[in-house]
Amino acid sequence: MANTHLLDDCLFCKIIRGEIPSCKIAETDKSYAFLDINPLSEGHSLVIPKYHAQFFHQVPDDVLADMLPLAKKVAVAIGLEDGQYNLLQNNGPMAHQVVPHVHFHIIPKPSPEEGLKIGWPQKQVTPEDLKKTLGRIKEKL
């Protein structure tokens, strides 16, 4: 896959092109995996598409189909077979996306003190609320 869909001023596009150094773990024709330079825990890695898109829903399906198997291989290589890790993908500044290029974080959780710390502020909804939401989503599928 030619890297024809990369931006000149994007940090991750520059990493893909080799203009900015990275601790590359692995790459395919469509994906690139490397260590995060500001890790939350040892082994914290990123998997990015070799296709510039800010949001997950903008990445072509064939590229997405390549990214998750690579993320799985990286998680195993890090030594996360016991399942203590987060696979995280943020979209937009309100969702804590800092670099506007799609990326998946693989964040080991070796202890309660290390790794990703999140809250989960659940909302109480009625069955009717869920039915309305379901209907709205299904209309657009």
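The values are calculated or read from the model by the stated rules, or taken from the named source; none is laboratory data. All figures in this text were calculated on a predicted structure; none of them were measured in a lab. Because the Cβ atoms are built from the backbone with ideal geometry, glycine has one as well, and the counts that use them run over all protein chains shown. Accessible surface is based on the protein model in full, side chains and every heavy atom, while ligands, DNA and RNA are left aside. Shrake-Rupley method; radii C 1.70, N 1.55, O 1.52, S 1.80 Å.
Listing for the model above:
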| read-out | value |
| --- | --- |
| Test result for Pro110, in contact (Cβ under 8 Å) with a residue 60 or more places away in the chain and either farther than 21 Å from Leu6 by Cβ or open to solvent by 50 Å² or more (accessible area, probe 1.4 Å) (or both) | yes |
| Residue identified as small (Gly, Ala, Ser), modelled with pLDDT under 95 and surrounded by fewer than 15 Cβ atoms within 10 Å (Cβ to Cβ) among Ala2, Ala26 | Ala2 |
| Pairs where the first residue, in segment 57-84, is under 14 Å from Glu27 (Cα atoms) and the second is small (Gly, Ala, Ser) and surrounded by fewer than 19 Cβ atoms within 10 Å (Cβ to Cβ), C-beta under 7 Å, 6+ apart | Leu70/Ala26; Lys73/Ala26; Val74/Ala26 |
| Top-ranked residue of segment 18-40 - restricted to ones that are part of a strand (DSSP E or B) and not basic (Lys, Arg), ranked as farthest from Met67 (Cα to Cα) | Leu35 |
| Of all residues in segment 86-107 being among the aliphatic types (A, V, I, L, M) and in contact (Cβ under 8 Å) with a residue 40 or more places away in the chain, the one that is most open to solvent (accessible area, probe 1.4 Å) | Val99 |
| Residue match in segment 118-126 (condition: within 16 Å of Leu46 (Cβ to Cβ), modelled with pLDDT of 95 or more and among the β-branched types (Val, Ile, Thr)) | no |
| Only listed residue being open to solvent by less than 60 Å² (accessible area, probe 1.4 Å), over 28 Å from Lys14 (Cα atoms) and not in a helix (DSSP H, G or I), chosen from Gly135, Gly83, Gly43, Gly115 | Gly83 |
| Scan of segment 113-141 for residues that are polar (S, T, N, Q) and more than 29 Å from Asp36 (Cβ to Cβ), ordered by number | Gln124, Thr126, Thr133 |
| Flag for Asp129 being without any contact (Cβ under 8 Å) to a residue 12 or more places away in the chain and open to solvent by less than 80 Å² (accessible area, probe 1.4 Å) | yes |
| Test for Ile15: is it over 19 Å from Asn91 (Cβ atoms), open to solvent by less than 50 Å² (accessible area, probe 1.4 Å) and not in a strand (DSSP E or B) | yes |
